[in-house]
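Just below is one structure, and these are the notes that go with it.
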Amino acid sequence: MHPIQRLFKYAKGYRRDFRLATLYSVLNKFFDILPEVLIGAAVDVVVKGEESFLARHVLVTVGITDTWQQLLVLGAFNVVVWGGESLFQYLYEVKWRQLAQDIQHDLRLDTYRHVQKLDMAYFETQRTGNLMSILNDDVNQMERFVNGGANQIIQVFCSSIMVSAVFFALQPGIAIIALLPVPAILFGAFWFQSRLAPRYTAVREAAGDVSARLNNNLLGLATIKAFATESLEASHIEQASNQYRSANAQAIRISSAITPVIRMAILSGFTATLLYGGWLTLHGELAVGAYSVLVFLTQRLLWPLTGLAEVADMYQRSMAAIDRAMKLLDAPITIAYEGQHLNPAQTRGELRFEGVNFSYGDGPTLQDISLTLPAGKTTAFVGTTGSGKSTLVKLLLRFYEPQSGHVHLDGVPIDSLNLQDLRRAIGYVAQDSFLTDGTVAENIAYGVQGASDEAIAEAARAAEATEFIDKLPLGFATRIGERGQKLSGGQRQRLALARAILKNPPILVLDEATSAVDNETEAAIQRSLEVVSRNRTTIVIAHRLSTVRQADCIHLLEAGRIVESGTHDELLARNGGYAALWRLQTGERLAAV
């Protein structure tokens, strides 16, 4: 389906607004061409007086034949014409602009909501900056077309029809001559348009590349500075920008040629009308007033066609942008959101993995995982990097679906549960938790609507975050910057833990939550966990074994398989892989001391 068809199908809820905007554009163009007709009528009145066309065929019924009275009537009609043109211009501009804003707003929200529902595997092959380019630049490009381009197309079409009708009414021979260049103009416009389409697709892709580069570098600015690679990254941006500039240059060379070509076609039509109409007038076969009208209207008929260049350029830019936005909307949602509703307050929190296998595509990540996590107990997963620890949590949160096997919550397969309810039943603290550019209180209450100040403060105390919060300039009302950049890593983790505590979920998950914090913060988080994990199903993913010593059960993963399970003391007594990791970590610490 063509992008413009998809846009109108998408915006079917605005059909009434489209009709009104189109009507206003048509009426504006109707009043817009009348001044030329009035000029011709005025010339005819001045030249012929009481024998004018107006006196003999229009005003005769009301008895107005005097030359001055005819001019007064024309003057009054002229006021009506200009007033009508101005009124409908105001109406169509307001309607088209509002329509463009509404569709832009809806399309941006719909694409963003759709992106939020896509599974995490989709984002492994996408760049954030490119998605940003679609959600922002491409949607804005569509808005510019609806705002101006649609009206221009309608008015060029209406102008051609209306002016052609006047031509044929006054002098069919001249009408045919004047219209001869139109097919060539239209053919040329479509010919250029077909060659612009692939070039503007390349422009939008190049724009996405620039956005992706900029987004990636801004997020990694600290690393760029630390490695003194500013010049290198600036050269990468320059390269991406040059590709964008080159893609635009190819499109510009074609789009810039449209107007000169159309102007030459217009010249032939205007010259023919000027000379042939003048010859007919000199030989008494065409009235002077009619000749004046035809000369003016020839320009009215043909000159607006030069606007096809701008419209074609805007149209192709917009179609490339709309196509990218619609393709994003077409991305399939592979994880079902609907299902059996779950009440967190009635959830015990027993989890069971049955024969779970999962792969990211380059070898198995989890192999035949079968285990039960008792409700109200703390279960830890440890192992080397890439052993599959965090993947278990991603399957539990349904960021991904297992290739085989099932995960159950209180005996119910989680893929049959309402996805939002499932995730509301889980408090998740990641290694790099997302914080908003809001206040401390807003970040703690993230995901908990209407949380009281007392509840927020209590959650902060449970996470041992109150001490540093009280030292902030405005306490809980202090804004922490984008991604919490005004706070240290340990402070950000304590806020993330406080957020999970305030949520009060039946299941609490800490995914490497202490791997990037100092010993003091780790100890504070452990003290908090001893309190908040009581009678709550808690899952701890850790690299530091000191974090999981008090867990009710520890599972050691190697290459996606559980190779050892037990308490800390039991695993040390077995003198296996866990004990080896323990000796390695404690030995490193002793050596460091």
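The values are calculated or read from the model by the stated rules, or taken from the named source; none is laboratory data. This one's a predicted model, so the numbers in the text were calculated from it and none came from an experiment. Every residue, glycine among them, receives a Cβ derived from its backbone with ideal geometry; neighbour counts consider all protein chains shown. The area values use the complete protein model at the heavy-atom level, side chains included, leaving out ligands, DNA and RNA. Shrake-Rupley method; radii C 1.70, N 1.55, O 1.52, S 1.80 Å.
Details
- Some residue of segment 229-246 being surrounded by fewer than 18 Cβ atoms within 10 Å (Cβ to Cβ) and modelled with pLDDT under 75: no
- Residue tally, condition modelled with pLDDT of 75 or more, open to solvent by less than 60 Å² (accessible area, probe 1.4 Å) and farther than 14 Å from V37 by Cα, over segment 55-72: 1
- Picking from residues in segment 530-546 that are open to solvent by 20 Å² or more (accessible area, probe 1.4 Å) and assigned to a helix (DSSP H, G or I), the one that is nearest to A579 (Cα to Cα) is S546.
- Pair list, Cβ < 6 Å and 6+ apart or interchain, from segment 568-581 residues that are closer than 15 Å to Q550 by Cα and in contact (Cβ under 8 Å) with a residue 24 or more places away in the chain to residues that are part of a helix (DSSP H, G or I) and open to solvent by less than 10 Å² (accessible area, probe 1.4 Å): Y578/L571
- Residue selection: E85 fails the criterion of being among the charged types (D, E, K, R) and under 30 Å from M319 (Cβ atoms).
- Residues satisfying the stated conditions in segment 373-403, i.e. more than 29 Å from V531 (Cβ to Cβ), open to solvent by 50 Å² or more (accessible area, probe 1.4 Å) and either in a helix (DSSP H, G or I) or not charged (D, E, K, R) (or both): T384, T385, G386, Q403
- Segment 420-445 - residue that is β-branched (V, I, T) and outside any loop (DSSP other than H, G, I, E, B) and, of those, surrounded by the most Cβ atoms within 10 Å (Cβ to Cβ): I444
- Filter result (over 24 Å from the mean Cα position of the chain (by Cα), at pLDDT 85 or above and surrounded by 15 or more Cβ atoms within 10 Å (Cβ to Cβ)) within segment 320-358: G339, L342, T347, G349, E350, L351, R352, F353, E354, V356, N357, F358
- Out of G566, G576, G587, G560, one residue alone is of a type in the set (G, A, S), modelled with pLDDT of 85 or more and on the phi < 0 side of the Ramachandran plot. It is G576.
- The residues on offer are D362, D410, and the sole one that is open to solvent by 30 Å² or more (accessible area, probe 1.4 Å), among the charged types (D, E, K, R) and over 30 Å from Q585 (Cα atoms) is D410.
- D415, sole failed condition from (1) among the charged types (D, E, K, R); (2) out of contact with any strand residue (DSSP E or B) (no Cβ under 8 Å at 6 or more places or on another chain); (3) open to solvent by 60 Å² or more (accessible area, probe 1.4 Å); (4) not in a loop (DSSP other than H, G, I, E, B): (2)
- Only one entry in D313, D209 is at pLDDT below 75, within 44 Å of the chain's Cα centre (by Cα) and surrounded by 17 or more Cβ atoms within 10 Å (Cβ to Cβ), namely D313.
- Selection count where residues are modelled with pLDDT of 85 or more and of a type in the set (A, V, I, L, M), scope segment 519-544: 3
- Residues of segment 446-476 classified as in a loop (DSSP other than H, G, I, E, B), open to solvent by less than 40 Å² (accessible area, probe 1.4 Å) and more than 13 Å from N504 (Cα to Cα), total: 2
- Residue count for segment 77-114 under the criterion of being surrounded by 17 or more Cβ atoms within 10 Å (Cβ to Cβ) and among the aromatic types (F, W, Y): the result is 3.
- Taking the criterion of being in contact with a helix residue (DSSP H, G or I) (Cβ under 7 Å, 6 or more places away or on another chain) and over 17 Å from A121 (Cβ atoms), the residues of segment 372-406 that qualify are A380, F381, V382, G383.
- All positions within segment 475-518 that are modelled with pLDDT of 80 or more and hydroxyl-bearing (S, T, Y): T478, S488
- Residue tally, condition open to solvent by 30 Å² or more (accessible area, probe 1.4 Å) and farther than 21 Å from N140 by Cα, over segment 1-32: 11
- The residues in segment 107-123 that are free of Cβ contacts under 8 Å to residues at least 60 places away in the same chain and over 9 Å from the mean Cα position of the chain (by Cα) can be counted, and the count is 3.
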